[in-house]
Each structure stands twice: as structure tokens, then as C-alpha cells.
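Enquirer: Below are the C-alpha cells for one structure; questions will follow.
The values are calculated or read from the model by the stated rules, or taken from the named source; none is laboratory data. These numbers come from a predicted model, not from an experiment. Methodologically, a virtual Cβ is constructed for each residue, glycine included, from the backbone with ideal geometry; neighbour enumeration extends over all protein chains shown. The area values use the complete protein model at the heavy-atom level, side chains included, leaving out ligands, DNA and RNA. Shrake-Rupley method; radii C 1.70, N 1.55, O 1.52, S 1.80 Å.
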Amino acid sequence: MSLKGLLSSRSGRHGPHGPASALTDGERLAMLDDLEQSGLGWFWASDAMGNLTYLSAAIAARLDLPLDALIGQPLTAIFTAAESDGRGKSLSLMLGAHKSFVGMAVRAARRPQAMVLRLSGQPIMSASGKFLGFRGTGTDITEEYAREEETARLARFDSLTGLSNRHRMASHIEATLTAFKTARRNCAVLMIDLDRFKHVNDTLGHAAGDELLKQVASRLARAIDRECEIGRLGGDEFQVLLPDIDDRGVLGEIAAKIIAMLRQPYSLDEGRCVIGASVGIAIAPHDGMTREDIVRAADLALYAAKNGGRAQYRFFSGDLENETIFRRRLEQDLGTALREKQLFLRFEPIVEAAAGTVASLEAHVCWNHAERGVIDEEEFAQIIEGSALIADVGRWAIGAACAGAAAWPESVRLAVNVPVSLFLADDFVALVGEALEAASLAPGRLELEISEAVFFGDANVVDRTLAALFKLGVRLTLDEFGSGFSSLAYLRRAPFDAIKIDQKLVAEAERHDAREMGLVRAIVALAGALQMDTMAGGVESAGLLAALTGGGVRYLQGPIFSEPAEAETVAAEMSGGTWQIEPGAERTRRARRRTVFRKIQVIHDDYAYEVTLRNLSKSGALIEGLANVPKGTQFVVDLGGGQLAVATVTRSSGDVQGLEFEQSLIEDGSGGLCTRNRVSPYALAAAGAPLAPLAPGKFMGLAQDLGRAGAVPKFGCSRGLRGEPV
């Protein structure tokens, strides 16, 4: 149909010239033709079957499609709803229902990238009311639509990385939890925070920081090879939503992979850098039913991971909130500890491998807390990490350590680890000089262990401080070498006397030997070429000791020689002038005390018993508190928080039983163990309990219902057992 025909069919309803028109048909046609050619508006028409009968030639030309190929085709085959219009089915719906429509954004089906059109249409009826087709208009809105799309994208996505932003992640998590609650599905939320990112931003500049964040986003996408939604919440904080997963073994593997990939070196225009990452993990519905609860749980887990020494992952547990509150209180008490002299030092021997004598002692800070008691060096290091008082504690440690070392034989040196913030302080060199003078300690007997992280500071300040320390005469050790920062440029710039190999690399060498020991030998060779000594810590086994000694490492420390010792013990051992230590084959690092002698419950045949957990491994446990339990008895061990492990008694003596788990426990990312799966709140709901996250001990009272629901296996009653019905 021509425009004249279209006009005639429209004007036929009102007479030849319309109700009050002074224009002739020719003038009207010329005006409409000018309008079409200008691009300000165009026309279309379809028949009763929805096939196109008219289309402005100007639009066909802009679409780069032959007009003849369009006429006679179904309108719905020519135009499709714009991708994010949200009304994709409206066109066919309106055409089929013979309803008028206005302002529908469409694209050409065969040229989706060509342009975006805004389509309007009105049904045409005959005098008898019969539907004849549609007549309509259209407008090119490509630029306007692109602006709207970009505005919408910026509202939903992070402009720097292209990941979802905080608002979109919140909406997505909210919608997912709502849908999954109805469908009884699980999902996990990971909170990721970058370690040492601020150093990059401060030293290499914000442009470098922005580029680093882009590379982090790219690595995150590669690290997670399953369906997920990744978002950047702002700064150096990221969030991941993983649907349909509650297996903590799989989640731990994902978190470990993220940490490993993000700590690999980055190449930026401004230089090379290395950062780290900490990960907190929460699982719905176990750890929360709402977005606020699940995100808060993941945040608490992240906080625990960072406090645990960073570069860790941590699962949420019901105890974390109390642990977090307590740790914050400890941080607040640090000021009191300094004022009231509650801090004290322990000294860990560093042994010369060839002679077996103690060459130096590394000072570790401990805390005699008024309420908690003694907080050992390992836990204190976790508390002080990130504290505003870390430099003040470092100042105290240098002074106290020098005073203590003054009484040692002159052949024994003192090693002190220097916090980055203290090293970069203006008065650091003066502080060291004053401590040496006050203790009358020769500068050559003081070894300052300096992390490679100091090189992220102002280069002029770092070089000036290193030169002043060298002039003072103290020994300098480059700590954590091989942690990822390592660069020959550091060794060339600074007058180091020794390299201390990173403990994680040493641990990997013990587990895998070949490749990692090759790296250790390469570090030894490098140090030898630069006339530097080498040392390694964390040595626990005779095999690792032999490998490191054979590899040429000169100085060693670790539990195989001695744990950090009290000042009185050190004085007694060195009273003869030297301290000789024979490595002990049976010495291992002491277990974390929080995992020993914990009250738990075991369940058998609908009876619950409170016992003491004496030790715990991946494959089993030792419990105490039940008498005359036969071998072969099966228990469900309630480790708290919905963690149930099926176990069999493999040995029994008096009131002590050894248990073997049916399914091994897994690492929890922070040195502990946990079950791979937990009792699902959905299973509890099926047994008649309210649908809610499972708190520690909440399983008790529901065993019979759960047994009937198939959530917990039931066993026959064994003689000699006494307990209370669940």
C-alpha cells in the first residue's frame, strides 16, 4: 500500500478532506512525505493477519533492508522488543488482542544493532466493526535509548570493573534468597577483602590502584568456574553469590583458589606489585534466612579470616560474633597493657645448622591479660595485626628486647621483627639507637627483621632509613622472602645481611619437596652470590631439617629445636656461655588449646550424652565420659551448629573411646576442622521445627523427628550406655 492509499483509508472515515481541514490531499501527502524523509516520524500499517502492508521507505533505508523484502512479512518477524525493554511479549500480545499501544521500544530482527525505534499503533475497524489491521507511527530513538541503557547500566554495575555494584548485588541476593526459600535451595555468599591494597594505592598512585582492581576482577571471574554473580561493593571489597551449594569442602576449594590466584604478582604500568586476599563464607539457610543476616554472617567470617593472619578463608559459625566482640575488647585493652606493663617477651632460638648452637634469639611479644590470662605470641600477633597501636607495641618490644639481650653472651644476637608502620616512622632510627645505648648493647648484636612490604612505602624514606640503620651498625634481615613480593631490586637497594625464607614456602617444601626445595636452593644460591646468610623458620620434622641443611640454609628455627622460651629459661640455658640444642624427633608445634577438652554431645538410638572431646582429627576423635561402650557402637557426634558426624567406636578403655568418622572432616581455612555438610534447616522444618538458622545445640530435642524424616541414621541400642532421651 502507498502512502496515498494509507491516507485514503484513514481519511475515508471522515470524508475526503477530514473534519475541518483546509489542505488538499496532495498538500497533505507532500507534508507527510517531508516528515518521513526528515526522520522525525514515519508510518507503518498491517493487515488483519498482522502482515506489514506499508512502511516508510526512509526507515527501510536506515535499517539497510530492501523495502520489498519487508512488505507482506509478519510485523512480529520484522521487529523484536529491545533487549532490556522489559516488555518483550507486548508487541505480539497487543497485535493479537487488537489493542492500541504507545511507545514500545523495538529493534529490527535482522539488524539488531542498527537502530532502536519507538513504535505506536492503533487498530482500524470497518464500519461494521470488523478488524482491518493496524495503522501506526514510529520514531528513531537510538541515541536516547543508548543513553538510557548506559544510565541503567551505571546504576547496576561498577563503572571501573564492570562487575555488579553494591545495589545490584543486594537486589540479586534478596531475590535469590526469596526464590530459594520457596524452592528449598541453598546458596553461599563470599565476602572478599584485598590485603595490602592500600600500600599500592598510596605508593603507586590511584591510577595503579584502579588498574589493579580491574585485574582482580578478571582473576575472580577465572577463579570461579561455576555459575555465580560477582560484585564490587566499593574500595577493595568484593562479593560473590554462589547458588545451589552448601558443601563446605567445595566452597573451601573455591576460596583457596581465589586466595592463590589473587596473591600472584601483578604487572602495572607504574610497577610490579603483590597483594593478598581474605575470604569470609556464609551459607543460606544455615547461617541466615535474609539478605541482612547472610551478608552479616559473611562479614563476620571475613573479619575472623583477617584477624587470623590474612590470606585465609573462614566459614561463619555461631561463635564468631562472641569471638569478634572479645577480640575488639582485647584491641581496646592494648593501651592498658602498655601502660600497666602487662606485655612480656618470649625468645625463640635460631640455631646455626652446622654447629647446633643458638646463634640468635627472636623476640616474640606475649600478653598477661588481667582476665584472659596469658595470651601467647601466636594469638597476640593476630590481635595486634591492623591495630593502631602496632607501632607502639613495636617500640616497647625493641627497648625491652635490647635490655634483656644485654645479659646474654656476646656471641648471641637478638632478632626483632619490625612492623611496617614503625619502620616508616620518622623517629625509628633514633628509637633503635636509644634502645641500644640504654642497654649498652653492641649494634652488631641486633638483627632487625624487615618485611618486603616496607618497599611499598615512600622510596626516599625507605632508602634513607636503611642507610641510617646500616651506618648505625645493626644487622638487617629481609623477612618473608619468597612470599610473593620478592624482587632482586630490593636486595640491590638495601644492605641486608641475611634472607629469611617465607614459612609458607618452607611448609610447601616439606609437603611436596621437589619443586619447592628447588626454590629454596635457588634462594640459598642467590644469597651466597650476594654474600648474605639464609635462615628458615617453622621446622618441625627431621626430614625437613635434613633437606634444608642439605640445601645450604645456614640458620634454622622451629619446634624441632624449641618453642619460644621465657626469659628465665633462656638465661639458664646460656649460663655456661653457649646454648647447644639437639633437634628432637618427636617435637611438633603445640596444638591450639581451644580445640582441646571441649564439651560436645553424642547421640545414639534417640539418647543424647554429654562427653568431653579430648582431641579431633580429620578421620576421628577421642571422647571421654561414657563407661563400658563396646567397640563397633555407632554414634552421631554433634560438633555444634548443625555439624553432625557419624562415627564408630574403634577402641574403648574405661570411660575413653576412640571414634572413626564415616566421612572425614575438612579444613575450615583457619587451622581448624569442620564437617563438609550440616543439618539443613529445611530438614528441621520437615520435622516440625520453625524454619530458621541452626544455632549450636539446637539439634537436641529433634533427633526422633529427624530420624523419622531420614535426616539422621538410627542404630540399635547398645548395652552399658546411659543417657537422656532426646
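Enquirer: For region 190-209, does any single residue satisfy the condition of being in contact with a helix residue (DSSP H, G or I) (Cβ under 8 Å, 6 or more places away or on another chain), in a helix (DSSP H, G or I) and acidic (Asp, Glu)?
Expert: Within region 190-209, one or more residues are in contact with a helix residue (DSSP H, G or I) (Cβ under 8 Å, 6 or more places away or on another chain), in a helix (DSSP H, G or I) and acidic (Asp, Glu).
Enquirer: Right, something else. Can you tell me how many residues within region 273-302 are free of Cβ contacts under 8 Å to residues at least 24 places away in the same chain and in a strand (DSSP E or B)?
Expert: Looking only at that region, the number is 0.
Enquirer: Please find, within region 544-561, the residue that is most open to solvent (accessible area, probe 1.4 Å) out of those that are on the phi < 0 side of the Ramachandran plot and not aliphatic (A, V, I, L, M).
Expert: Arg554
Enquirer: Can you tell me how many residues in region 416-465 are in contact (Cβ under 8 Å) with a residue 60 or more places away in the chain and out of contact with any helix residue (DSSP H, G or I) (no Cβ under 9 Å at 6 or more places or on another chain)?
Expert: 2
Enquirer: Of the residues that sit in region 114-136 and are within 16 Å of Phe101 (Cα to Cα) and open to solvent by 50 Å² or more (accessible area, probe 1.4 Å), which one is nearest to the chain's Cα centre (by Cα)?
Expert: It comes out as Arg118.
Enquirer: Follow-up. Cβ-Cβ under 6 Å, sequence separation 6+ or interchain: first residue in region 206-225 and within 14 Å of Val274 (Cα to Cα), partner part of a helix (DSSP H, G or I) and open to solvent by 10 Å² or more (accessible area, probe 1.4 Å). Which pairs?
Expert: Note: pairs meeting the criteria are Gly209/Asn201; Arg219/Met261.
Enquirer: Follow-up. Quick check, is Lys618 out of contact with any Lys or Arg (no Cβ under 6 Å at 6 or more places or on another chain), within 18 Å of Arg678 (Cβ to Cβ) and open to solvent by 10 Å² or more (accessible area, probe 1.4 Å)? Lay out the reasoning, then the answer.
Expert: Details: out of contact with any Lys or Arg (no Cβ under 6 Å at 6 or more places or on another chain): yes; within 18 Å of Arg678 (Cβ to Cβ): yes; open to solvent by 10 Å² or more (accessible area, probe 1.4 Å): yes.
Yes: the conditions hold for Lys618.
Enquirer: Next up: Which residue, of Met49, Met31, is in a loop (DSSP other than H, G, I, E, B), open to solvent by 40 Å² or more (accessible area, probe 1.4 Å) and either of a type in the set (Phe, Trp, Tyr) or at pLDDT 65 or above (or both)?
Expert: Being in a loop (DSSP other than H, G, I, E, B), open to solvent by 40 Å² or more (accessible area, probe 1.4 Å) and either of a type in the set (Phe, Trp, Tyr) or at pLDDT 65 or above (or both) holds for just one of Met49, Met31, which is Met49.
Enquirer: Do we have any residue at all in region 556-567 that's in contact with a Ser or Thr (Cβ under 9 Å, 6 or more places away or on another chain) and part of a strand (DSSP E or B)?
Expert: Yes.
Enquirer: Could you check region 342-375 and list, in sequence order, the residues that are open to solvent by less than 10 Å² (accessible area, probe 1.4 Å) and within 32 Å of the chain's Cα centre (by Cα)?
Expert: Once the filter is applied, which keeps residues that are open to solvent by less than 10 Å² (accessible area, probe 1.4 Å) and within 32 Å of the chain's Cα centre (by Cα), region 342-375 yields Cys366, Trp367, Ile375.
Enquirer: Within region 310-330, restricting attention to residues that are open to solvent by 50 Å² or more (accessible area, probe 1.4 Å) and over 21 Å from the mean Cα position of the chain (by Cα), which residue is modelled with the lowest pLDDT?
Expert: Looking at the filtered set, the residue picked out is Asn322.
Enquirer: Next question, about the same structure. Tell me the residue from Asp195, Asp210, Asp202, Asp247 that is charged (D, E, K, R), open to solvent by less than 50 Å² (accessible area, probe 1.4 Å) and within 27 Å of Asn460 (Cα to Cα), please.
Expert: Result of the check over Asp195, Asp210, Asp202, Asp247: Asp195.
Enquirer: While we're looking at this one, here's another question. Could you please find all residues in region 448-506 being of a type in the set (Asp, Glu), at pLDDT 85 or above and in contact with an Asp or Glu (Cβ under 7 Å, 6 or more places away or on another chain)? Working first, answer last.
Expert: Applying the first criterion (of a type in the set (Asp, Glu)) to region 448-506 yields 449, 452, 458, 463, 479-480, 497, 502.
Filter once more, keeping what is at pLDDT 85 or above: 449, 463, 479, 497.
Answer for region 448-506, where residues must be of a type in the set (Asp, Glu), at pLDDT 85 or above and in contact with an Asp or Glu (Cβ under 7 Å, 6 or more places away or on another chain): Glu449, Asp479, Asp497.
Enquirer: Can you name every residue in region 57-73 that is of a type in the set (D, E, K, R) and surrounded by 15 or more Cβ atoms within 10 Å (Cβ to Cβ)?
Expert: Answer for region 57-73, where residues must be of a type in the set (D, E, K, R) and surrounded by 15 or more Cβ atoms within 10 Å (Cβ to Cβ): just Arg62.
Enquirer: Looking at region 179-197 only, could you name the residues that are closer than 19 Å to Val279 by Cβ and over 17 Å from the mean Cα position of the chain (by Cα)?
Expert: Asn186
Enquirer: Still on this structure, please answer the following. Whether any residue in region 232-239 is in a strand (DSSP E or B) and either without any contact (Cβ under 8 Å) to a residue 60 or more places away in the chain or farther than 30 Å from His286 by Cα (or both) is what I want to check.
Expert: Taking every residue of region 232-239 in turn, at least one turns out to be in a strand (DSSP E or B) and either without any contact (Cβ under 8 Å) to a residue 60 or more places away in the chain or farther than 30 Å from His286 by Cα (or both).
Enquirer: Only one of Ile603, Ile623 is over 22 Å from Leu251 (Cα atoms), assigned to a strand (DSSP E or B) and in contact with a helix residue (DSSP H, G or I) (Cβ under 7 Å, 6 or more places away or on another chain). Can you tell me which?
Expert: Ile603
Enquirer: Ok, one more. So which residues in region 171-189 are open to solvent by 30 Å² or more (accessible area, probe 1.4 Å) and in a helix (DSSP H, G or I)?
Expert: Ser171, His172, Glu174, Ala175, Thr178, Ala179, Lys181, Thr182, Ala183
Enquirer: Please go through region 529-548 and give me each residue that is closer than 26 Å to Leu491 by Cβ and in contact with a Lys or Arg (Cβ under 9 Å, 6 or more places away or on another chain), ordered by number.
Expert: Result: Leu530, Asp533, Thr534, Met535, Ala536, Gly537, Gly538.
Enquirer: Take the residues of region 380-408 that are at pLDDT 90 or above and within 15 Å of Gln332 (Cβ to Cβ): which is surrounded by the fewest Cβ atoms within 10 Å (Cβ to Cβ)? Steps first, please.
Expert: Filtering region 380-408 for residues at pLDDT 90 or above gives 392-408.
If we keep only those that are within 15 Å of Gln332 (Cβ to Cβ) too, we end up with 392-393.
Details: Asp392: 17, Val393: 21.
Here the answer is Asp392.
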